[in-house]
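A short write-up of the structure that comes next.
A short reminder: the numbers here are calculations on the coordinates, not readings from a lab. In this text, all values refer to a predicted model and were calculated from it rather than measured experimentally. Please note: Cβ atoms are built from the backbone with ideal geometry, for glycine as well, and neighbour counts cover all protein chains shown.
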Amino acid sequence: MKQPRVAIVGATGAVGQELLRVFEERDFDVSSLKLLASARSAGRTLRFRGEGHQVEAVAADAFRGVDVAFFSAGGDTAAALAPLAVDAGCVVIDNSSAFRMQADVPLVVPEVNADALRSHQGIVANPNCSTIILVLALQPLESAAGLEAVVVSTYQAASGAGQRAMDEMFHATRAVLDGLEPPAPSALAQTLAFNVFPHVDEFMADGYTREEDKLLHEVRKILGKPALAVDATCVRVPVARCHSESVSVRLSRPLSVEDARAAFAAAPGLVLDDEPASVGYPTPLTYAHRDACGVGRVRAGRVWEPGLSFWVVGDQLRKGAALNAVQIAETL
Ligand SMILES: NC(=O)c1ccc[n+]([C@@H]2O[C@H](COP(=O)([O-])OP(=O)(O)OC[C@H]3O[C@@H](n4cnc5c(N)ncnc54)[C@H](OP(=O)(O)O)[C@@H]3O)[C@@H](O)[C@H]2O)c1
C-alpha cells in the first residue's frame, strides 16, 4: 500500500477537513481520493493539493477500488457502511465510537500501542479525542512507575462536537457581544457563550456521561490495564480548538517530579512545556494546529503517595482525530 487509493467518509466535516490538511502537510501519498459525505453535500467542491474535488453522496458501493477509507461521519454511518467497505477490500480507520470496544478491533494511538495493529481484521478504531491526548501522557508514567488510578477533568473545545457546534459558539458569542439573546443551542447541550458546562455526550444511569465512560474503557484497552481506576469529568468550554485536561494519578512506585518531567520530555508525541515561573505551560491557543501535545504544571500530588498531578493540552481535531488516523495508515 505504497500509494493507497483513499476515501474520506465525512469529508465536509471538521475532522474530514483536517484530514485533508494533514494529508497535504505530511505528503501522505494518495494515488486517488474520493470525498464522500451525506446527500446534503453532494456536488460541493473541496480543494486538495490545489485541485477541486467533488463531494459524492456515500453509497454502499462507494468503496470498490479504494484501499483505505477514513470514516469521520459518526457512529451510525460507520456501523452501517464500514463492514461493506471491508467486504470491498478496504482497510477502515474509523473516528467514531462504533467499533472501539469490539475485541477484534484494535484501538490505536501509534506512539503507545502500534503493535495492536497486527491483529486488525479490516477495521481499526481511532480513540476518542480526549483519550488520545490523555494516554500520550499516561504511557510514560506507566512505563516509569506503573499506574494505579487516574482522575481527570477535561476542558473540551467546541469543535470537539463538530463544525456546527463551533459555528454555534461563535454565533452565540457574537449575539451576546451585540447585546442580543444568544440563539437556542442545537448542536451543544447549552449555550457556550461565556459559559462552561459539565455535559459532553449523553448522561447514563450512573450519573456519568458517555464521554466520561469512553475515557475509562478506552484508556484501559489501549494501555492493556483492564482494572485501572479512571474517574473522569468532561466539561465543554468556550474554546475553538484543543482539549485541555487536568490529571492526577496514583502510581505503583515512587517517581520524582524531575524523573516524571524527563519521562514526559522523552515521550513521542509530547512536548514538556513546564516553566510556570515564566508563564510556561500549554494552552489551547499555543497548541492549536500543532501535532504535539503539551504537558506542564507537573507536580507531586497532594492526595496520593506516590502520586503526581499535571496538565496536558492537545489539538483534538489534529492529534485527537485526523493526525492519529493518518499515523495509523502510515504505520499499516
Ligand atoms: N470534532 C472532533 O474533534 C472529533 C475528534 C475525534 C473524533 N471525532 C468523531 O469524528 C466524527 C466526525 O466528527 P466531526 O466533528 O467532523 O463532525 P461534523 O463536523 O459534524 O461532520 C460530520 C461529517 O459526517 C457527514 N455525515 C453526517 N451524516 C452522514 C451520513 N448519514 N452519511 C454520510 N455522511 C454523513 C457530514 O456530511 P454533511 O456535510 O453532508 O452533513 C460531515 O461530513 C464523529 O464520529 C466524531 O465523534 C470528532
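Net charge of the neighbourhood of ALA193, taken over other residues with C-beta under 13 Å away and scored Lys/Arg +1, Asp/Glu -1, is -2. For ALA149 and LEU180, the difference between the fully extended length at 0.36 nm per residue and the C-alpha to C-alpha distance is 6.6 nm.
Computed over neighbours whose Cβ is under 12 Å from that of LEU19, the net charge equals 0, Lys and Arg +1, Asp and Glu -1. Measure nothing fancy, just the Cα-based angle from helix 14-26's long axis to the longest principal axis of the chain, in degrees from 0 to 90, nearest 10. So the inclination is approximately 90 degrees. The antiparallel fraction among DSSP beta bridges confined to the stretch 131-316 stands at about 70%. One Cα centroid belongs to the stretch 45-107, the other to the stretch 151-168; the line between them spans 23 Å.
Taking the Cα atoms only, what angle lies between the long axis of helix 163-177 and the longest principal axis of the chain, rounded to 10 degrees? Long axis of 163-177 versus the principal axis of the chain: about 70 degrees. The chymotrypsin sites (Phe, Trp or Tyr not before Pro) of the stretch 188-296 that meet both conditions, a loop assignment by DSSP and at most 15 other Cβ atoms within 10 Å of the site Cβ, are PHE194.
Taking other C-beta atoms within 10 Å as the exposure proxy, CYS90, CYS242 rank CYS90, CYS242 from fewest upward. Taking trypsin sites (Lys or Arg not before Pro) in DSSP loop states with no more than 14 other Cβ atoms inside 10 Å as exposed sites, the chain has its longest site-free stretch at 65-301. For a quick check: sort TRP311, TRP304 by the number of other beta carbons within 10 angstrom, fewest at the front. The order, fewest Cβ neighbours first, is TRP304, TRP311. Counting only DSSP beta bridges whose two residues both lie in the chain, roughly 45 percent are antiparallel. Taken over the alpha carbons of the stretch 213-332 as equal point scatterers, the Debye sum produces base-10 log I(q)/I(0) values at 0.11, 0.13, 0.14 Å⁻¹ of -0.41, -0.58, -0.68.
Placing unit charges on the Cβ atoms only, positive for Lys and Arg and negative for Asp and Glu, gives the stretch 131-316 a dipole magnitude near 240 debye about its Cα centre.
The modelled label-to-label distance for the pair ASP104/ARG253, using points 7 Å beyond Cα in the direction of Cβ, is 3.9 nm. Seen against the Cα atoms of the chain and their longest principal axis, helix 210-223 is set at about 80 degrees.
Using the Cα coordinates of the stretch 48-155, the gyration tensor eigenvalues translate into equivalent-ellipsoid semi-axes of 31, 16, 13 Å, sorted from longest to shortest. The stretch 176-211 and the stretch 229-308 have Cα centres lying 26 Å from one another.
The radius of gyration of the Cα set in the stretch 131-316, together with its Dmax, comes out at 17.3, 55 angstrom.
Computed on the chain, the Cα convex hull volume stands at 152 Å³ per residue.
The ranking of ASP291, ASP315, ASP87 by Cβ neighbour count inside 10 Å, starting from the fewest, reads ASP87, ASP291, ASP315. Taken over the alpha carbons of the stretch 40-104 as equal point scatterers, the Debye sum produces base-10 log I(q)/I(0) values at 0.22, 0.28 Å⁻¹ of -1.01, -1.26.
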